[in-house]
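Please read the structure below before turning to the comments.
The values are calculated or read from the model by the stated rules, or taken from the named source; none is laboratory data. Given the structure is predicted, the values throughout are model-derived calculations rather than measurements. As a convention, Cβ positions derive from the backbone with ideal geometry for all residues, glycine included, and neighbour counts pool all protein chains shown. SASA here: full protein model, heavy atoms, side chains in, ligands and nucleic acids out. Shrake-Rupley method; radii C 1.70, N 1.55, O 1.52, S 1.80 Å.
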Amino acid sequence: MNERLLLVEDDPSIREIAAIGLSGSGYRVTSATDGREALDRIRAEAFDAVILDVMLPSLDGFELCREVRRFSRVPILMLTARADTVDVVVGLESGADDYVTKPFEMAELTARVRALLRRAAALPGTSVLRLGRVEIDPAAFTARKDGGELPLTATEFRLLLELARRPGQVFTRELLLHRVWDYDYLADAHLVDVAIGRLRAKVEDDPAAPRLIRTVRGVGYRADRD
């Protein structure tokens, strides 16, 4: 294990505890104390994942996440002191891949980081898939629509790939959490719903009337070839 993590947290006690715990698990941890510093580091250095607090000086976690998503697919785990649904949804819509609510157990944070990195390192199959006018190339980790590359995050790409591999199959949220997020337990279904919403905004002609990624009420989602 030699992955580099950027820990962005302005609370010195939480930052120290998290850094010690993650370092003890074998990760190389670099710390930043505010959003601007973190953004500069992400632009200049290569990290395998970013762990960032929502409430940061100079540039909050939501805005930092949006800025990073303009140029990077690096996996992002958000730390939030509030379990409020709106906060969680805003974080995920900003481009975060997962979140942990403070106060957290170190074992939980480490497990979430490990799952995040495991997903990022997973190598998908090599066959090019098509979903309507969307072409998905797992080997290149890219998706194109009408020839133009879609700006998908790593999680959005894996979600699209999972659905496209089995068109017509209905996926429950629990199954998608297991297949895409690598969770073996029941986690927050908001992860799935928000990711589906973000994905539709990028692949559908009309996200309000989706034709490629359908909702199966009371069950989950399925992909149609359109």
Quick check for you: with a 1.4 Å probe and neighbouring chains kept, what is the accessible area per residue of the chain, in Å²? 46
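Specify whether the C-alpha gyration tensor of region 115-172 places it in the rounded, prolate or oblate class, a ≥ b ≥ c being the square roots of the eigenvalues: rounded for a/c under 1.5, otherwise prolate if a/b is larger than b/c and oblate if not. Write out the running numbers ahead of the final one.
Details: a/c = 1.71, a/b = 1.19, b/c = 1.45.
It is oblate, given that a/c is not under 1.5 and a/b is not larger than b/c.
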Between Val216, Val29, Val203, where does the largest GNM mean-square fluctuation fall for the chain, given springs only between Cα atoms within less than 10 Å? Val216
Using each residue's phi in region 203-217, evaluate 6.51 cos²θ - 1.76 cosθ + 1.60 at θ = phi - 60° and report the 3J(HN,Hα) Karplus result to the nearest Hz, with x for Gly and Pro. 10, 8, 5, 9, x, 6, 10, x, 10, 8, 10, 9, 8, 9, 4
Could you check which residue among Val86, Val100, Val180 shows the biggest mean-square fluctuation in a GNM of the chain with a 10 Å Cα cutoff? Val86
From the square roots a ≥ b ≥ c of the eigenvalues of the alpha-carbon gyration tensor of region 1-113, which class results: rounded (a/c under 1.5), prolate (a/b over b/c), or oblate? rounded
Long-range amide H contacts for Tyr99: which residues qualify at under 5 Å (H placed 1.01 Å from N, peptide plane, sequence gap of 5 or more or a different chain)? Met78
Along region 15-24, Karplus-curve 3J(HN,Hα) (6.51, -1.76, 1.60; θ = phi - 60°) to the nearest Hz, with x for Gly and Pro, reads 4, 5, 5, 5, 5, 5, x, 5, 5, x
Beta bridges per DSSP with both ends in the chain, % antiparallel, nearest 5: 45
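For the chain, compute Rh as the Kirkwood radius over C-alpha pairs and then the Stokes-Einstein diffusion coefficient at 25 °C and 0.890 mPa s; write the answer in µm²/s, rounded to an integer. The partial results should precede the final answer.
Values: Rh = 18.0 Å.
In µm²/s, the coefficient is 136.
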Under a 5 Å amide H to amide H cut-off, with H placed in plane at 1.01 Å, what residues pair with Ile213 once short-range neighbours are removed? Asp224
Under 5 Å from the placed amide H of Val8, counting only residues 5+ away or on other chains, we find Ala32, Ile51, Leu52, Asp53
Compute the distance in nm between two label points, each set 7 Å from the Cα along the Cα-to-Cβ direction, one at Ser13 and one at Phe104. 1.8
Hey, any idea what % of the chain's accessible area is carbon plus sulfur with a 1.4 Å probe? 50
In the neighborhood of Gly220, defined by Cβ-to-Cβ distances under 13 Å, what is the net charge if each Lys or Arg adds +1 and each Asp or Glu adds -1? +3
Using Cα centres only, tell me the gap between region 99-170 and region 191-222 in whole Å. 15
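So what's the net charge close to Lys202: Lys and Arg +1, Asp and Glu -1, counting the other residues with Cβ under 9 Å from its Cβ?
Charge balance in the 9 Å sphere: +1.
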Out of Gly197, Gly132, Gly148, any idea which swings most in a Gaussian network model of the chain, alpha carbons joined below 10 Å? Gly148
